[in-house]
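**Student:** Just dropping this structure here.
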Amino acid sequence: MDGLPGDREEFDAPEIVAGDLRAEVDGNEMPVADPVVEPCGRCRKPFSALDSKCPHCGAARRRAEPTSAERRQRSTRKGTARKVDATWGPWNTLLVGYTATLLTLVVWGLIVSRSSLLDVPDDMARLERISMADGVLSGIALTTFFGLRKQHAVEIHPPPRWWVVWPAATAAMAAAIGVNFAYHEAMESLGLRVIELVPEGTEHWWWWMASVCIQPAIFEELFFRGCCWRVMTPVMGVHTTILVSSVMFGMSHIGVPLSVPVLTLVGVVLGYARAYSGSIWLPAFLHFVHNLVVILW
Amino acid sequence: MSDNDDDLPELGSLGQSARTKHLKSAKTTMIVVGILTLGANLFMAATAEKVVQVAFEQELRKIPAGQIDQNKLAELKNDAVRNLHLVSFAFAAMGVVFLVLGFMVYRAPVATTATGLVLYIGGWATSAVLDPAMIAKGIILKIIIIAAMVRALKAAIEYQKEQQAAVEVG
């Protein structure tokens, strides 16, 4: 029978002595997999597993503890195994970030309702406490964003011209603001109390504006039009992503539950602004304008 | 070709049937959650006046009768009934949305399961803000529902990817 390439008979295998890590083949050193060779637990030099003592240091046979490099390698292997589930990983990050956001809002709502945390006459003291919650929410948005930095959103091609998109989106936001006012007027006419975001006659107007307009415009957009976009568009496409991220955006305003339906609509407008502008700058600007108009009116 | 090659599509279809099973359980979960949410909240809306009356009577027992302003009391009762109606109808509407999502699972698997999951978590958070006791109420059932919907979302993502791949190949 003709020998097939790779058959043992075709080449002279070097004689491997138990305990040798390397053998010479045609003058070149090459690694040899020798299952009976293990490093010594004390001196870490290789010796045969058949020997009861290390020939180098005389230590009794025991399993060597992995070195830090080996531990790193093992953890990398585990990490690689986890990364196999690459499709679910980003979704997991997004959902954990979203749940953390809701949990923060619930805990904050409970603390405020059960304590006199915001029941302070000093406007500045209230702002300091509100800013703490803003800080936590911003941290969650940033952590999620950086956790998803390797993901890439699917964009609309070819991108429409900015001088068409920006005025059109601004007009759509103006319409959404109109709907928002009409909705809240209707709620008030039904006798429901609409929450005042900023107290009248405040001396710290700029801080309130930063807390109500600038912080949400940056960090909510980073989360709902940044993170959601990166995770959802490759799987669902742009339009379905707009719908789902808008529902998420609306439901995240549980501090003002009456406003959830109309804010979902605002989320749709912001989503389309993101889709047709190709970045989060336009939705961030529109979000800022929306919140500014709401607190000024 | 060997028999092994004929077996390959079978292996793929095994995974797909597992995913289809998850989607089916997602459909069932969402429909059941929808029916329960709709039914419970319609019942709450229908019995709102009675519920408010009972709650007010419990509170009024703690106050001496002479100190109660009847006009103010009637106004407070009306407000409470209206708020309860509003909350019940809002959650009943959410129940209808769950039903619609449940029936649309096969048409848009990821979108429906993701929306269902987001709505469920958001609804839980909203009810917790309105009434803190709702955080712990039925927590085991809620966690089971969320776990089922997370599994369904995982399956839906895989299912949709396979569908996309099939369209690209075909």
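**Student:** Any chance you could count how many residues in segment A:144-171 are crowded, with 16+ Cβ neighbours inside 10 Å and within 27 Å of A:Leu105 (Cβ to Cβ)?
**Tutor:** Number of matching residues: 6.
**Student:** From A:Gly191, A:Gly139, A:Gly135, A:Gly178, which residue is of a type in the set (Gly, Ala, Ser) and in a loop (DSSP other than H, G, I, E, B)?
**Tutor:** Exactly one of A:Gly191, A:Gly139, A:Gly135, A:Gly178 is of a type in the set (Gly, Ala, Ser) and in a loop (DSSP other than H, G, I, E, B), namely A:Gly191.
**Student:** Under 9 Å between Cβ atoms, which residue pairs at least 6 apart in sequence (or on different chains) link something in segment B:126-148 that is over 15 Å from A:Met251 (Cβ atoms) with a partner that is open to solvent by 90 Å² or more (accessible area, probe 1.4 Å)?
**Tutor:** As it stands, the answer is B:Asp131/B:Lys137; B:Pro132/A:Arg114, since those pairs meet every condition given.
**Student:** Something else now. Right, A:Thr233: within 14 Å of chain B (Cβ to nearest Cβ) and either of a type in the set (Ser, Thr, Tyr) or exposed (fewer than 12 other Cβ atoms within 10 Å of the Cβ) (or both) or not?
**Tutor:** Judged against the criteria, A:Thr233 is a match.
**Student:** Provide a single number: the residues in segment B:25-37 that are more than 13 Å from B:Thr112 (Cβ to Cβ) and not hydroxyl-bearing (Ser, Thr, Tyr).
**Tutor:** So the answer is 3.
**Student:** Scan A:Glu203, A:Glu188 and give me the residue that is more than 25 Å from A:Leu102 (Cα to Cα), of a type outside the set (Lys, Arg), touching a residue at least 24 places away in the same chain (Cβ under 8 Å) and open to solvent by 60 Å² or more (accessible area, probe 1.4 Å).
**Tutor:** One residue alone meets the criteria, A:Glu203.
**Student:** Just give me the residues in segment B:102-123 being of a type in the set (A, V, I, L, M) and either open to solvent by 40 Å² or more (accessible area, probe 1.4 Å) or within 11 Å of chain A (Cβ to nearest Cβ) (or both), in sequence order.
**Tutor:** B:Met104, B:Ala108, B:Val110, B:Ala111, B:Ala114, B:Leu117, B:Val118, B:Leu119, B:Ile121
**Student:** Condition first: at pLDDT below 90 and either within 9 Å of the chain's Cα centre (by Cα) or open to solvent by 20 Å² or more (accessible area, probe 1.4 Å) (or both). Now tell me which residues in segment B:124-138 satisfy that.
**Tutor:** Residues satisfying the conditions are B:Val129, B:Leu130, B:Asp131, B:Pro132, B:Ala133, B:Met134, B:Ile135, B:Ala136, B:Lys137, B:Gly138.
**Student:** Which residue pairs have Cβ atoms under 6 Å apart, sit 6 or more places apart or on different chains, and have a first residue in segment A:273-293 that is free of Cβ contacts under 8 Å to residues at least 40 places away in the same chain and over 19 Å from A:Ser211 (Cβ atoms) and a second that is open to solvent by 40 Å² or more (accessible area, probe 1.4 Å) and part of a helix (DSSP H, G or I)?
**Tutor:** Taking only residues 6 or more apart or on different chains, not a single pair turns up.
**Student:** Please determine, by comparing only the residues of segment A:218-260 that are within 18 Å of the chain's Cα centre (by Cα) and small (Gly, Ala, Ser), which one is nearest to B:Ala155 (Cα to Cα).
**Tutor:** For segment A:218-260, the residue satisfying everything is A:Ser245.
**Student:** Tally the residues that are within 9 Å of chain B (Cβ to nearest Cβ) and either among the aromatic types (Phe, Trp, Tyr) or outside any helix (DSSP H, G or I) (or both), restricting the search to segment A:238-255.
**Tutor:** Adding up the residues that qualify gives 3.
The values are calculated or read from the model by the stated rules, or taken from the named source; none is laboratory data. Remember, predicted model here, so these are calculated numbers, not experimental data. So basically every Cβ, Gly included, is an ideal-geometry build from the backbone, and we count neighbours across all protein chains shown. All accessible areas refer to the heavy atoms of the entire protein, side chains included, with ligands and DNA or RNA removed. Shrake-Rupley method; radii C 1.70, N 1.55, O 1.52, S 1.80 Å.
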